[in-house]
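The values are calculated or read from the model by the stated rules, or taken from the named source; none is laboratory data. Note that the coordinates shown come from a computational prediction; the quantities given were computed from them, not determined experimentally. Methodologically, a virtual Cβ is constructed for each residue, glycine included, from the backbone with ideal geometry; neighbour enumeration extends over all protein chains shown.
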Amino acid sequence: MIFIELLKESDIDEILKLEELCFPEDPWSRLSFEKELDNPLSVFFVARDEETGKMIGYGGIWLMYDIADITNIAVHPDYRQEGIGRELLQLLVRIAEEKKMTAITLEVRESNLPAQKLYESAGFIHCGTRKRYYQGIEDAKIMTLELKPTEE
């Protein structure tokens, strides 16, 4: 079982270790995560193993005007294929819907097929490419999910 909570400053050391493990070629810096805590457009969550308290995943989203942008979703390699990434994604989508966003966008490495499958299963569609987006080498697929207006 896992529990998900908002990112706190005390989580940054742990999230940096997970970031380095999941994205060793281009990890976010301490300053990047610290800025997310102060960014009024940003919402970041961490997922923890309920039994051990260990951080096993995280996800973040920016809520700008009427379109949201998923900045990160990462799951510790030992906990992949357990639905944690899906749970984080569903939470981020729910936040965007509650904030009345009309769409969610994200970039994903062209080589990251498991992530692409996750996003496609949630209704995201490939709508473009950012050439050499990752370290000036690898292309990113741009994916979008159109959101339906919620009834009040």
Restricting attention to the range 2-47, which residues are small (Gly, Ala, Ser) and outside any helix (DSSP H, G or I)? 29, 42, 47
Selection from the range 130-152 of residues of a type in the set (Val, Ile, Thr) and either within 27 Å of residue 76 (Cβ to Cβ) or at pLDDT 95 or above (or both) yields 137, 142, 144
Might you check whether a residue that is part of a strand (DSSP E or B) and surrounded by fewer than 19 Cβ atoms within 10 Å (Cβ to Cβ) occurs anywhere in the range 111-118? no
Which residues, counting only those in the range 25-77, are more than 13 Å from the chain's Cα centre (by Cα) and of a type in the set (Asp, Glu)? 25, 26, 34, 38, 49, 50, 51, 66
Filter the range 60-106 for residues that are touching a residue at least 40 places away in the same chain (Cβ under 8 Å), surrounded by fewer than 13 Cβ atoms within 10 Å (Cβ to Cβ) and either touching a Cys at 6+ places or on another chain (Cβ under 8 Å) or closer than 18 Å to residue 16 by Cα (or both) and give the result. 77
Exactly one of (1) within 15 Å of the chain's Cα centre (by Cα); (2) at pLDDT 95 or above; (3) not basic (Lys, Arg) is unmet by residue 112. Its number? (2)
